[in-house]
Amino acid sequence: FKPFYPLLASFLGLIDTMPEALRQSRYHMKRCFTKYIEQGKRLMKLHHLMAEMETVIDDKFERTQVLEGLLGYILCTTQEAVVIPPHVAFAIRPNPGFWEFVKVSSIDLSVEGITATDYLKFKEMIVDENWANDANALELDFGAMDFDAPRLTLSSSIGNGLNFITKFLTSKLNGPLEKAQPLVDYLLSLNYQGEKLMINETLNTALKLQGALIVAEAALSLLPRETPYTSFENRFKEWGFEKGWGDNAGRVMETMRYLSEVLQAPDSVNMERFFSRVPTTFNVVLFSVHGYFGQADVLGLPDTGGQVVYVLDQVLALEEELLLRIKQQGLNAKPHILVVTRLIPDAKGNTCNQELEPVLKTKHSHILRVPFRTESGIVPQWISRFDIYPYLETFTQDATKKILEIMEGKPDLIIGNYTDGNLVASLMANKLGVTLGTIAHALEKTKYEDSDLKWKELDSKYHFSCQFTADTIAMNSADFIITSTYQEIAGSKDRPGQYESHTAFTLPGISRVVSGINIFDPKFNIASPGADQTVYFPATEKLKRFTSFRPAIDELLFSKIENDQHIGYLEDKKKPIIFSMARLDTVKNISGLTEWYGKNKRLRNLVNLVIVAGFFDPSKSKDREEIAEIKKMHTIIEMYQLKGQLRWIAAQTDKNRNSELYRCIADTKGAFVQPALYEAFGLTVIEAMNCGLPTFATNQGGPAEIIVDGVSGYHIDPNNGDESSNKIADFFQKCKEDAEFWNRISSAALSRIYECYTWKIYANKMLNMGTIYGFWRQLYKDQKLAKQRYIQMLYNLQFRNLVKTVPLSVSAPAPQLAIP
Ligand code: UDP
Ligand code: LCN
């Protein structure tokens, strides 16, 4: 994005105004900068800058003056600063996606605008001077491949790529009819198992197509709407039309009208309508590689959380939408969705050792499991997602072979999930020339502070050198990227987004990524997941309720017995329950919630607390973080004497029973609390709201977008426990005073879900993406190819070497595979 920076600089005028700002409080600033450089080379965050400013300017009024002035604004928009005496370089982010870099001299306070490259070099000086000064250090610049591709310009449009592309296509096809030729060529390329769809060579120019559409529309207008396509199929074929326009005269006429409008004078409404009718997608491959990936008894196993739920629900929704579309297109085709994951011979009693397993509640979808293979044979054991890289290349080859065999040809769409799935999906899509969508769920980079600069410290444990390179490869290979929320891409006013953090970063000694991804690229699309509404439905839908689980749930919640399923008990069973359910990771902050509750007498008087998480015996866990959390929970329970008011239930794997548990909590007029320190999306929030539970969820991450604070639920600040627990207490106090209040929040939560967070909305958007980005990649073929070549070089020369640094897991001889 090099040309972008000067534009932004003049637009915002930051660089021009900084000397003036500094002049305003020159004396104080001089002292501040002297303080900043005092400790030598280091990286400072905004709160460090502010804290040190406070120690230097002790007069509150003067400080306020400095902070209220322009310099204050600049400092407040600083994300980080690099101190290399006598200079301090600032990375400034005035708005989501907009970055500026400036260097200030602490000697004369002179200011210089610098490029991202220079800023990164500055940063590298802290950890590796040789690398920073190496004139030939490897720089990755994906922006250099962008040529004339259109980009969004408004922060507010980020994540709305499909809409932008549709508008852009409109202008691209506008003008003389010949400009629509790429669309004609695209339609000519459509087929199902070799059989042509939509049009044949008779209509190989836009002029011929336009003429034929007029004739066809006139003929259709004479037919009753319900006339089946088969009754006029032969006549249409003679004119050059093939199947796919619709199942009856009415639908065919609508589809033809949309296209006629587009050919006459393209507009984005008709363009979108037309593309949503085009039959392009029948076979879909979804990669979700690390496991355990199964349909039962896997949740709660390491690395196995919401992603599995998401992918399985996605399959149901996609198949349903595909079946509907195919029927409406008048085709006999069968959609086939394959979820491809790794086969784990040592399956711990679940089905992860089966090669092919039908996806429950679907007609044509399967889980395909392909084992990891090394020179010594099949890898029998589970492998952490952080250590998975050495197996992925062979896995891709084996999986591709198997997929082509099962599908009897190439898929129409490939979707990756998480770093490993996205990398494998990229390799396969690049090889086969298939449209590719990627989904991250949660990118790891922003979870650990300065994880790029300090990669060497973390690499033996997390292998971030592989992960960040793989993520960069996948993001740039993808034709479209699906995110669950806006913040995932572009963060918030104060916090950069997960994708945004890949704009410019550095792995000293490996590569300086001067432009890793551009979040203004229209490939980004927000399509939020939902929850399976046949399972997660409101507590008020009494007839549908899964009543058979009631005795078990009663026992779980209210029995006084302590065993390996539950500890603690609820003395006063009449009180409403606040409920939370998550993996027992530090980031989920379940122990934080327990402590807030312990400390807040008012809250303890109003409600009981029920937690579903992990297990109670630390010796049962292999995960260091989880062990620490288990111990912390026991300490808190003891310290605040919570038994009698708290029930801690071990991780629960039955989704039907869990849904009834949410509803039983709703019966107590309780609430769901999601207190995570950071949550990428938060499926439990969606599940709870679907069951009509008022929900309090973290303001750090996705949930802040799902809930409109004070309307459809509440935001809580995980870093301010007192404020959060009081907010929950205020709610229950209010519910005591106004019997209708609970119902109002419950209904608003449901309305919010039905408007924005359903799988139906998701599947519809996703299939439209498959079609429109499929056309888009044909339009920008040359650019796509250039990028692919660059990516291939990066993969071959860089990534493969990084992978060699990841040790293979020690494996016992492979046991017999259980292939049905
Ligand atoms: N879950 C579960 N049992 C548990 C904990 C969680 O079934 O003991 C399910 C929960 O219902 C949700 C998923 O696991 O469907 C967790 O997804 P979320 O997005 O909340 O978090 P993640 O684990 O992916 O970080
Ligand atoms: C991973 C996470 O951490 C959650 O926030 C998401 O809800 C889940 O994946 C599904 O996308």
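The values are calculated or read from the model by the stated rules, or taken from the named source; none is laboratory data. Everything quoted here is computed from the prediction, not taken from an experiment. Heads up, the Cβs are rebuilt from the backbone with ideal geometry, glycines too, and the neighbour counts pull from every protein chain shown. Accessible surface is based on the protein model in full, side chains and every heavy atom, while ligands, DNA and RNA are left aside. Shrake-Rupley method; radii C 1.70, N 1.55, O 1.52, S 1.80 Å.
Quick look at the values:
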| read-out | value |
| --- | --- |
| Spherically averaged projected area of region 108-160 from its Cα convex hull (nm²) | 6.7 |
| Accessible surface of Lys454 - all protein chains present, 1.4 Å probe, nearest 10 Å² | 80 |
| Per-residue SASA entry for Arg273, accessible area with 1.4 Å probe, Å² rounded to 10 | 110 |
| Mean separation of Cα contacts under 8 Å (6+ apart) over length of region 379-495, as relative contact order % | 26 |
| Kirkwood Rh in Å, taken over region 55-151 so that all alpha-carbon pairs contribute | 15.6 |
| Convex hull projection area averaged over all views, region 468-620, Cα basis, nm² | 15.3 |
| Radius, Kirkwood style, for region 723-814 when every pair of distinct Cα atoms is counted (Å) | 19.9 |
| Mean projected area in nm² (Cα convex hull; one quarter of hull surface) for region 380-524 | 9.6 |
| Tail fraction, Cα-Cα pairs, region 118-194, threshold 22 Å, whole percent | 59 |
| Two-site FRET efficiency, Asp346 against Arg550, from Cβ-Cβ distance with R₀ of 45 Å, rounded to 0.05 | 0.80 |
| Cα gyration tensor category, rounded, prolate or oblate, for region 193-263 with a/c compared to 1.5 | oblate |
| Unit charges on C-beta of K, R, D, E only; dipole of region 462-521, Debye | 200 |
| Over the chain, relative contact order from alpha-carbon pairs under 8 Å, at least 6 apart, % | 13 |
| Heavy-atom accessible area order for Lys401, Lys588, largest first, 1.4 Å probe | Lys401, Lys588 |
| Sites Glu737 and Lys599 - FRET efficiency at Förster radius 30 Å, r taken between beta-carbons, to 0.05 | 0.80 |
| DSSP beta bridge pairing in the chain, given as percent antiparallel to the nearest 5 | 45 |
| Region 335-481, accessible surface, carbon-and-sulfur percent (1.4 angstrom probe) | 50 |
| List Met53, Met125, ordered by accessible area with a 1.4 Å probe, largest first | Met125, Met53 |
| Cβ charges +1 (Lys, Arg) and -1 (Asp, Glu), total dipole of the chain, debye | 980 |
| Dimensions (Å) - region 608-702, Cα atoms, principal axes, largest first | 36, 32, 26 |
| Whether region 553-637 is rounded, prolate or oblate, judged on the alpha carbon gyration tensor where a/c under 1.5 counts as rounded | oblate |
| Zone of Asp623's modelled label, taken as backbone nitrogen in region 307-346 under 13 Å from a point 7 Å along Cα→Cβ | 307-308 |
| All Cα pairs of region 634-680, percent lying beyond 16 Å | 61 |
| Rounded D (µm²/s) - the chain, Kirkwood Rh over Cα pairs, Stokes-Einstein at 25 °C, 0.890 mPa s | 85 |
| Global form of region 443-549, assessed from the alpha-carbon gyration tensor, a/c cut-off 1.5 | prolate |
| Ellipsoid semi-axes in whole angstrom, largest first, where each is sqrt(5λ) of the Cα gyration tensor of region 487-563 | 47, 20, 11 |
| Gap separating the Cα centres of region 568-622 and region 447-509, nearest whole Å | 32 |
| Theoretical FRET efficiency, 1/(1+(r/R0)^6), r = Cβ-Cβ of Ser156 and Asp267, R0 30 Å, to 0.05 | 0.85 |
